[in-house]
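To start, the structure under review is shown below, and the notes come after it.
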Amino acid sequence: MSGKDEGSDGSNIGGFIFLLNNIPLYFKPEEEISVLRSPLLNVAATYILPLEQILSSRLNAAGFIRNIYVNFGPRGCCELNPSTKPVTELAKFAEQLRHLLQDGIIYNPENGEVACRMFTNLSSLVSTLPANCRKIGCMHGTGSLAQGPIMDFTNYIEAASDDQTLVFVIGVVDPEIHSYIDDFVKVCDYDLVATYGLTKVISAVEIKVGLV
């Protein structure tokens, strides 16, 4: 998404970015044996649902999501074009992930645009973020590395400036990314898997821009 969009009241919206950071591995018990046989399939199983959730959201359909990033840790980071169609089949997604890690880039076969590209590290990714952005560490439960005040998420979103691009960091706020965070917010008092945390974030933002 380029430029700014308008909310339901005509106000300018700076847009939103999602950064999935080192999400803890999660899968259903019946998937455990098959998934653990392949480290790459393990990674694919962890990220397929959160990415589908973002790409399929009303927020993305309305053009408010400017970009999506994933930090895979030692494997590197990637940037995903929000116009990319979500992949819902695990094996197909794992294959795309293999090509991405191997070639560093994936093109959309329908229009030739870059669908996804790799960054070597987190600092390279952060350098591409808009200058006016506000990076928000979305905390939940007790596993927090936040130092300083942690603000209530709902109040923070309601008061956030429409002129700034908000970058939601979902997942683990580890030492690598901690220094890049501008504000910490408490999404929930109990531990959540990434999809549930995303649900709360996306729902609050959709209310802010007037989509619900």
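The values are calculated or read from the model by the stated rules, or taken from the named source; none is laboratory data. This is a predicted model, so every value here is computed, not measured. Here the Cβ positions follow ideal geometry from the backbone for every residue, glycine too, while neighbour counts run over all protein chains shown.
Name the residues in the stretch 97-130 that are more than 19 Å from residue 21 (Cα to Cα), assigned to a helix (DSSP H, G or I), in contact with a strand residue (DSSP E or B) (Cβ under 9 Å, 6 or more places away or on another chain) and not acidic (Asp, Glu), would you?
99
One line per residue, one yes/no per condition, for (1) at pLDDT below 95; (2) under 14 Å from the mean Cα position of the chain (by Cα):
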residue	(1), (2)
62	no, no
68	no, yes
72	yes, yes
75	yes, no
91	yes, no
97	yes, no
108	yes, no
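On the given criteria, is residue 70 surrounded by 18 or more Cβ atoms within 10 Å (Cβ to Cβ), touching a residue at least 24 places away in the same chain (Cβ under 8 Å), in a loop (DSSP other than H, G, I, E, B) and among the hydrophobic types (A, V, I, L, M, F, W, C)?
It is false that residue 70 is surrounded by 18 or more Cβ atoms within 10 Å (Cβ to Cβ), touching a residue at least 24 places away in the same chain (Cβ under 8 Å), in a loop (DSSP other than H, G, I, E, B) and among the hydrophobic types (A, V, I, L, M, F, W, C).
With the condition kept exactly as written, say whether any residue in the stretch 157-171 is out of contact with any His (no Cβ under 9 Å at 6 or more places or on another chain), modelled with pLDDT under 90, among the charged types (D, E, K, R) and surrounded by fewer than 20 Cβ atoms within 10 Å (Cβ to Cβ).
Yes, some residue in the stretch 157-171 is out of contact with any His (no Cβ under 9 Å at 6 or more places or on another chain), modelled with pLDDT under 90, among the charged types (D, E, K, R) and surrounded by fewer than 20 Cβ atoms within 10 Å (Cβ to Cβ).
Out of (1) modelled with pLDDT under 90; (2) over 13 Å from the mean Cα position of the chain (by Cα); (3) surrounded by 13 or more Cβ atoms within 10 Å (Cβ to Cβ), what's the single condition that is false for residue 23?
Residue 23 satisfies every listed condition except (2).
List the pairs whose first member sits in the stretch 188-209 and is over 14 Å from residue 158 (Cβ atoms) and among the aliphatic types (A, V, I, L, M), whose second member is assigned to a loop (DSSP other than H, G, I, E, B) and at pLDDT below 80, and whose Cβ atoms are under 6 Å apart, counting only residues at least 6 apart or on separate chains?
193/26
Sort out which residues of the stretch 78-89 are over 12 Å from the mean Cα position of the chain (by Cα) and under 20 Å from residue 21 (Cα atoms), and write them in order of number.
Scanning the stretch 78-89 gives 84, 86, 87.
Being under 20 Å from residue 102 (Cα atoms) and in a loop (DSSP other than H, G, I, E, B) is the requirement here; does residue 84 meet it?
So residue 84 passes the test.
Being assigned to a loop (DSSP other than H, G, I, E, B), touching a Cys at 6+ places or on another chain (Cβ under 9 Å) and under 22 Å from residue 212 (Cα atoms) is the filter here, so list the residues in the stretch 155-200 that pass it.
Listed by number, the residues that qualify are 164, 165.
Which of the residues that make up the stretch 115-137 are over 15 Å from residue 70 (Cβ atoms) and free of Cβ contacts under 8 Å to residues at least 40 places away in the same chain?
123, 127, 131
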